[in-house]
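Worksheet: the structure to be examined is printed underneath.
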Amino acid sequence: MKSIPPFRLNPEPLTDEAGRLPGFKWAADEVGKRHQLGGTPARTIDDADWPRCPDCGERMSFYGQLDSINDEFRIADVGLVSVFICFECNEVKAEIASG
């Protein structure tokens, strides 16, 4: 399993509509700011639950995560989408975790 160095992703609205989206009403301050590439997932994943490649069976590398945007575009309960990849087989798995 390869470890990717961590990169912070800062969402930048590309349209006026995106720039006018309201924030969260009740979520914690960090929600909506947890976008990243590489590093380790914001949520704890037990070794037994860490995604494995369906082809080779090896542990997949954590590629990154996308956070909820606001109350209208929230993932589960203000959660995250985590993406994992097997660089050998080019298999990808995405998981949703509640905040």
TODO: May I ask you to verify whether residue 32 is open to solvent by less than 60 Å² (accessible area, probe 1.4 Å), small (Gly, Ala, Ser) and part of a loop (DSSP other than H, G, I, E, B)?
DONE: yes
- [ ] Answer with yes or no whether residue 98 is on the phi < 0 side of the Ramachandran plot, open to solvent by less than 40 Å² (accessible area, probe 1.4 Å), within 13 Å of the chain's Cα centre (by Cα) and not aromatic (Phe, Trp, Tyr).
- [x] no
Task: Residue list for segment 75-87, restricted to those being free of Cβ contacts under 8 Å to residues at least 60 places away in the same chain, out of contact with any Leu (no Cβ under 6 Å at 6 or more places or on another chain) and closer than 17 Å to residue 38 by Cα - done: 80, 82, 83, 84, 85, 86
Task: Only one of 50, 26 that is within 16 Å of the chain's Cα centre (by Cα) and of a type in the set (Phe, Trp, Tyr) - done: 50
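What number of residues within segment 16-29 satisfy the criterion of being part of a loop (DSSP other than H, G, I, E, B) and either more than 14 Å from residue 73 (Cβ to Cβ) or in contact with a Ser or Thr (Cβ under 6 Å, 6 or more places away or on another chain) (or both)?
Initially, segment 16-29 is screened for residues part of a loop (DSSP other than H, G, I, E, B), giving 20-29.
The next check asks that each one be either more than 14 Å from residue 73 (Cβ to Cβ) or in contact with a Ser or Thr (Cβ under 6 Å, 6 or more places away or on another chain) (or both); those that pass are 26, 28-29.
Residues in segment 16-29 being part of a loop (DSSP other than H, G, I, E, B) and either more than 14 Å from residue 73 (Cβ to Cβ) or in contact with a Ser or Thr (Cβ under 6 Å, 6 or more places away or on another chain) (or both): 3 in total.
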Task: Output for segment 46-78, where each listed residue is out of contact with any strand residue (DSSP E or B) (no Cβ under 7 Å at 6 or more places or on another chain), open to solvent by 30 Å² or more (accessible area, probe 1.4 Å) and among the hydrophobic types (A, V, I, L, M, F, W, C) - done: 48, 69, 73
Open item on the list: Take the residues in segment 1-29 that are under 28 Å from residue 92 (Cβ atoms) and among the basic types (Lys, Arg); name whichever of them is most open to solvent (accessible area, probe 1.4 Å).
Closed with: 8
Open item on the list: Please count how many residues of segment 42-77 are assigned to a loop (DSSP other than H, G, I, E, B) and within 23 Å of residue 14 (Cβ to Cβ).
Closed with: 8
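The values are calculated or read from the model by the stated rules, or taken from the named source; none is laboratory data. Only a predicted model underlies this, so the values are computations on that prediction, with no experimental measurement involved. For neighbour counting, all protein chains shown are included, and Cβ atoms are generated from backbone atoms with ideal geometry for every residue, glycine included. When the accessible area is computed, the model is the full protein with side chains, heavy atoms only, and any ligands, DNA or RNA have been set aside. Shrake-Rupley method; radii C 1.70, N 1.55, O 1.52, S 1.80 Å.
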